[in-house]
Every structure is written in structure tokens, then in C-alpha cells.
1. For the range 17-171, go through all pairs of different Cα atoms, get the mean of 1/r, take its inverse, and jot down that Kirkwood value in Å.
2. Top mean-square fluctuation among MET115, MET50, MET136, Gaussian network model of the chain, C-alpha springs under 10 Å?
3. Just to check I understand the Karplus step: with θ = phi - 60° and J = 6.51 cos²θ - 1.76 cosθ + 1.60, what whole-Hz values come out for the range 19-24, glycine and proline as x?
4. With +1 on the Cβ of every Lys and Arg and -1 on the Cβ of every Asp and Glu, and nothing else charged, how large is the dipole of the chain about its Cα centre, in debye rounded to the nearest 20?
5. Can you give the calculated 222 nm mean residue ellipticity of the chain, where each DSSP H run of n ≥ 4 adds -39,500 (n - 2.57) and the sum is split over every residue, rounded to the nearest 500 deg cm²/dmol?
6. Can you tell me which of 149-159, 195-205, 68-78 comes out highest on packing, and rank the rest after it, using the mean Cβ neighbours within 10 Å?
7. Give a residue-ordered list of calculated ³J(HN,Hα) values for the range 178-184 (Karplus: 6.51 cos²θ - 1.76 cosθ + 1.60, θ = phi - 60°; whole Hz; x for Gly, Pro).
8. Starting from one equal scatterer on each C-alpha and no solvent at all, send me the Debye-based log10 I(q)/I(0) for the range 160-257 at q = 0.22 Å⁻¹, two decimals.
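Only the coordinates and a few stated rules stand behind these numbers; no lab work does. Owing to the predicted nature of the structure, the values given are computational and were not obtained by experimental measurement. Cβ coordinates were reconstructed from backbone atoms using ideal geometry, including for glycine residues, and neighbour counts include every protein chain displayed.
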Amino acid sequence: MDIASLIGCLIGFGCLGFVFYEVSHGHFEMFYSGEGVLMVGGGSISVVFMALPMEKIKQIPGYLKRFLFHKGVSAIEVIKLMSSLSEKARRDGVLSLEAECANIKDKFLSSGLRMVVDGAPPEAIEATLRMEVMAMQERHKSGKKLFDLIKLYGPGYGLVGTLVGQVGMFGQLASADIGKMGNALAVAVVATMYGAIVANAIAGPMGDKLALRSGEEILNKEMMLQGILSIQAGDNPRMTLEKMAAFIPVGGREKLRQAA
């Protein structure tokens, strides 16, 4: 479980719930509008189906899982792992890494190390791994695109609901039926509220979190790539460590060197 995502959800929805309670004095049904839910919820879903191919839509559970459950490793952990592999290759030879490949869960890293063990040229290793990074970036863009669509069009459908509610309200002016006019006005206001909540409290933060995770994973893969090429070139483990330390902030480099 991504603790930060969980805390953010609890704080955000907790604040919304508290404000709703204070305003309605516990009568939460005043914030519900079936028309508003249909307009904003159904409209946002329709946009997703119109804008994305079916194979991307089938991956939506994976995007949600990635938001809530993050299994990535930190840059420091990647550097420590690559430094350890570099020392082993320097001490026991590159072929000794073949046994390590089975214990490495990251398929990108294990694939790169297997190519090194097989004696592939460095330019072939780099080209293959960079294609994998490119494919990974495209997959991650699909997840970000999903939430960007909802963030963009959710408030738009909320505005449509507002306009529909206003038309209904103006249509009741002749009869001067306050009840019907109030219901139409409620639909107008609630639809806008739903659109704002969907965009700013749900889709926007989730899309930004996925973009951040994507950037972190790409950085880790680049670090692994540089470490693999350094091992393949037979560099000193200290040199391998220095190459990868360039990817982390200056403040953390000295601590990393001391720990190594």
C-alpha cells in the first residue's frame, strides 16, 4: 500500500465529509443528484471510451493498483544493488552474474545482465534496453492520459449539467413553482460540484502520482542501464558507483559513498 496515497485520500475525503456534514447538519441527501451523477459520471466514462482503445481501457484496474500499491525501489537501493553486482563481476568474473539473474525480480535488470553474460556488444545491449524504456514510457502515458481525460472533461460535463439545470429552472418561471425551480437549481449547482470534485480531488492527483511514479521508474531504469554498461566494460566498482551517483541529489551522494 502506498501510504502517501492512502493518507491523501483520507484527508481529502475526510475534509469533504466534514464540510458536507456542517453545511447539511447530517442531511447528506441534499448533496445527491441522480441527474448530476449521470451527467458527470456517465459523461466522463463516455469520454474515456471514445478517446482510448479497448485494450487500454482493460488496463484501468492496473492503473488504480499502481496508484494505491507502489512496489518500486528507491534510487539508493538501485545504486547499492548495482554496486554489489559490479563488485561481484570484478571479483569473480562476469559469468558469475548468471547465477544472480535468477534472484533478480526486475526483468529489465536481469535481461541486461544476461546479455552481458552472453557476451553481447555494448551497443546492442544499450539499444535493446533503451527500446524497453521507450515501450515502458508509452505504457505509462496511457495511464496518465486516462486521468487527464477525466480531469479535463469531468468539469465540462458538470458545466453541461449546470446549463441543463438552469434551462429547467427558467422553464418553470411561468408557473412560479418554487419546488420545481429549486430542484432544477440544485441540479445545476450539484453538477458543477461533482465535476470539480472529480477533477481536483480524484483524477488530477491520481494522474500526477502516476506521472511521478513513471519518472522515478524511468530514472531507475537509466541507472540500471548505466550500471550494466559499466559492468560490461569492466569498470572498477568505484567508477560504477560514481556514474550512478550522478543521478541522485548532491546531498545524498556523500552518504552513499560513505555507506559503500
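1. It is 20.6 Å.
2. Comparing MET115, MET50, MET136 in a Gaussian network model of the chain, the most mobile one is MET50.
3. 5, 4, 5, 5, 6, 9
4. 300
5. Helices in the chain give a 222 nm mean residue ellipticity of -25000 deg cm²/dmol.
6. Order by mean packing, descending: 149-159, 195-205, 68-78.
7. Calculated HN-Hα couplings, in order: 4, x, 5, 5, x, 5, 5 Hz.
8. -1.03
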